[in-house]
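Novice: Encoded as structure tokens, here's the structure I'll be asking about.
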Amino acid sequence: AYERRFPTCPLIPMFVASDTVNEYKSEDEAIHVIERRCKLDIDAPRLLKKIAGVDYVYFVQKNSLNRRERTLHIEAYNETFSNRVIINEHCSYTVHPDNEDWTCFEQSASLDIKSFFGFESTVEKIAMKQYTSNIKKGKEIIEYYLKQLEEEGITFVPRWTPPVACKSESSTSHPRRPVSPAINIPESATKEGLNNKEILNSSSSPSEPTAGTPDDKLDADYIKRYLGDLTPMQESCLIRLRQWLQETHKGKIPKDEHILRFLRARDFNIDKAREILCQSLTWRKQHQVDYILDTWNPPQVLQDYYAGGWHHHDKDGRPLYVLRLGQMDTKGLVRALGEEALLRYVLSINEEGLRRCEENTKVFGRPISSWTCLVDLEGLNMRHLWRPGVKALLRIIEVVEANYPETLGRLLILRAPRVFPVLWTLVSPFIDDNTRKKFLIYAGNDYQGPGGLLDYIDKEIIPDFLGGECMCEVPEGGLVPKSLYRTAEELENEDIKLWTETIYQSASVFKGAPHEVLIQIVDASSVITWDFDVCKGDIVFNIFHSKRAPQPPKKDSLGAHSITSPGGNNVQLIDKVWQLGRDYSMVESPLICKEGESVQGSHVTRWPGFYILQWKFHSMPACATTNLPRVDDVLASLQVSSHKCKVMYYTEVIGSEDFRGSMTSLESSHSGFSQLSAATTSSSQSHSSSMISR
């Protein structure tokens, strides 16, 4: 498919023609190397072409096909202006080592502009514009020729085998096995930038499996055993999203089963699934949901009066959760515990459900990724429609829907009374359409007839209170004693305590209003460490030092120092009359962080005094030698929907004697085209190390 773009390709208008310069084929036909001289019509201003004295630019491209190793390596360099501009590019197509149905594509390029008649920055922008355009179109072109081949009846290429004379001494012959039909090549995670002398890398090869999961990530047996039936497209989406997570979220990565839930919830639309998954991961990190089962003990009131619990499994092997909602005093629980404690308890139930799904997957030998919920409404009345109770229920549904999609396999609602339609009218708009399809509602004793409970649950485990023989250890509920009720103030304080039990803080960053954190250092050589996520928008991270303390922020002055918003605080410490270089100094190069990035780093302080960590709204900078904005900045600016950013951060100061260097090995993984990269690669100049994850 790749060879079909020669000698010229109508899908690449700038590719005018190509001539074969050298060609080599090995005797056994395993190696085929072909070198071409390619003629390109670069989209450049006519004036620049006139000054340069050329109409076309020539590149030399060398393609090396190794049928034995099943690889295609492509090297290219510029012939025109090679004494002024040096461009090198390398691409490779390889077979994935764990799954022969996958083609890995890797691409890297470097651009070094030494001089170009005073138009260096213009040439740089033109080169990057062309390169970015080619990368985006690369997948489209290869798919075009793959489809063309399929239309001609070519769906596989026979595997290369050595000629008879070259065969090994072993008399055992290995039959040829055709390569599987071509499928979509995953998009490369391109990283771009715009400095004169840097390196651009992009790769779409699926990453190595994460720790704690089977090594044969892409193996058909693994998919069948742990994930269920997946089409090639669905498998592609899973691997691409998992790879993106490995690159962007350092730390705990969700297991494949959980990533699949988010993909299924958005019909395998990667962009939509990635958005809700990132929001969920940030939420889990902020509230430490991963540790809720180990660190949070439900209050005794919940253990005594919350009429719900796990009870064996259904006929499909799904964990079964029984909730006797009609016997539960929702008003009493809300008055005694508050909305947040109830929500946290429901979250612990969901976390336990995820754990039980993993266990049942191992027990039954097939993928089980959801649970069944049996809700008994016997006893439901107008008391359950108490407004604050319904409000708490709606909030719980909203949080669970956002963070535990596709975990409910089936919901059996039994003995629905006449008041149920009223409750259903209030609740149903907050429930996802896919989830609502899983609801089965039975009025009265209908659940005992055909199509009832026995179709989904074995007779031996039907709870005793539903006429079965199995003793169910779910609490019976009942009225919560009013002596356990708490005042609104007590509940409010408890709610704040529950959801502020996190080491992370949230902050809003506005255009013209950065968020700043003050750190006082007494001993030089202390280590300031940070860990933050950019939840929304693009920001610039700075570190400043001042010998004198800034004035404390004035909470009552909205425009001066402090802004409070629902999404987090905004505090400004650097007074507007302060001058950089006189009142305070910059101790590290600015770090541009994009939306979705997770950043960890450290700074070894040189002097005592006051250090200010600043998160500032990222405005599109003008190019150094012209007032025109850069190409990638213009593209990025089209995606900025507001002048507000949001970060979630944690900082800590560690004494140098206690700092074991856990951060010192971290380096910026930003593209080399960012200015920071040049500043931080020199260890003698920089005392900070950061890891920026895309």
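Novice: Provide the convex hull volume over Cα atoms per residue for region 220-287, in Å³.
Specialist: Dividing the Cα hull volume of region 220-287 by its residues yields 87 Å³.
Novice: How large is the Kirkwood hydrodynamic radius of region 246-335, counting all unique pairs of alpha carbons, in Å?
Specialist: 16.4 Å
Novice: Now for a separate question. Under 22 Å between alpha carbons: how many lysine pairs meet that in region 292-483, if sequence neighbours fewer than 8 apart on the same chain are excluded?
Specialist: Counting lysine pairs in region 292-483 gives 8.
Novice: SER64 to SER133: extension gain in nm, 0.36 nm per residue of separation minus the Cα-Cα distance?
Specialist: Values: separation 69, 0.36 × 69 = 24.84 nm, distance 2.45 nm.
Extra length from SER64 to SER133 when fully extended: 22.4 nm.
Novice: Next question, about the same structure. Nearest 0.05, what FRET efficiency do ARG225 and LYS315 give at R0 = 22 Å with Cβ-Cβ as r?
Specialist: Values: r = 20 Å, r/R0 = 0.91.
Here the calculated transfer efficiency is 0.65.
Novice: Follow-up. Rounded, prolate or oblate: which one fits region 292-483, using the alpha carbon gyration tensor with axes a ≥ b ≥ c (rounded when a/c is under 1.5, else prolate when a/b beats b/c, else oblate)?
Specialist: Since a/c stays below 1.5, the shape of region 292-483 is classed as rounded.
Novice: Please state, as a whole number in µm²/s, the translational diffusion coefficient that the Stokes-Einstein equation yields for region 282-343 at 10 °C and 1.306 mPa s, with Rh defined as the Kirkwood radius across alpha carbon pairs.
Specialist: 116 µm²/s
Novice: Based on the Cβ-Cβ distance of HIS90 and ASP583, what FRET efficiency does E = 1/(1 + (r/R0)^6) give at R0 = 56 Å, to the nearest 0.05?
Specialist: So, using R0 = 56 Å, E works out to roughly 0.70.
Novice: Another question, if that's okay. Would you list, by chain and number, the aspartates and glutamates whose Cα falls below 17 Å from the Cα of LYS644, excluding same-chain residues fewer than 8 positions away?
Specialist: GLU516, ASP533, ASP538, GLU595, GLU597
Novice: Now for a separate question. How far apart, in nm, are two points set 7 Å out from the Cα along the Cα-to-Cβ line at GLN279 and at LEU484?
Specialist: 3.4 nm
Novice: Beyond 28 Å, how much of the Cα-Cα pair distribution for region 2-152 remains, as a whole percent? Numbers along the way, then the final one.
Specialist: On the way: 2889 of 11325 pairs.
Counting every Cα pair in region 2-152, those more than 28 Å apart make up 26 percent.
Novice: Return the distance in nm (one decimal) between the two label points of a simple spin-label model at ALA17 and ILE654, each offset 7 Å from Cα along Cα→Cβ.
Specialist: 6.3 nm
Novice: Determine the sum of side-chain charges near SER585: Lys and Arg each +1, Asp and Glu each -1, restricted to other residues whose C-beta is under 13 angstrom from that of SER585. Present the calculation step by step, with values, prior to reporting the outcome.
Specialist: Details: positive: LYS547, ARG548, ARG582, ARG606; negative: ASP583, GLU588.
For residues surrounding SER585, the net value is +2.
Each reported figure results from applying straightforward, stated rules to the coordinates on display, with no laboratory input. Predicted model, so just to flag it, every value in this text is computed and none were measured. A quick note on method: Cβ atoms are made from the backbone with ideal geometry, for glycine too, and the neighbour counts reach across all protein chains shown.
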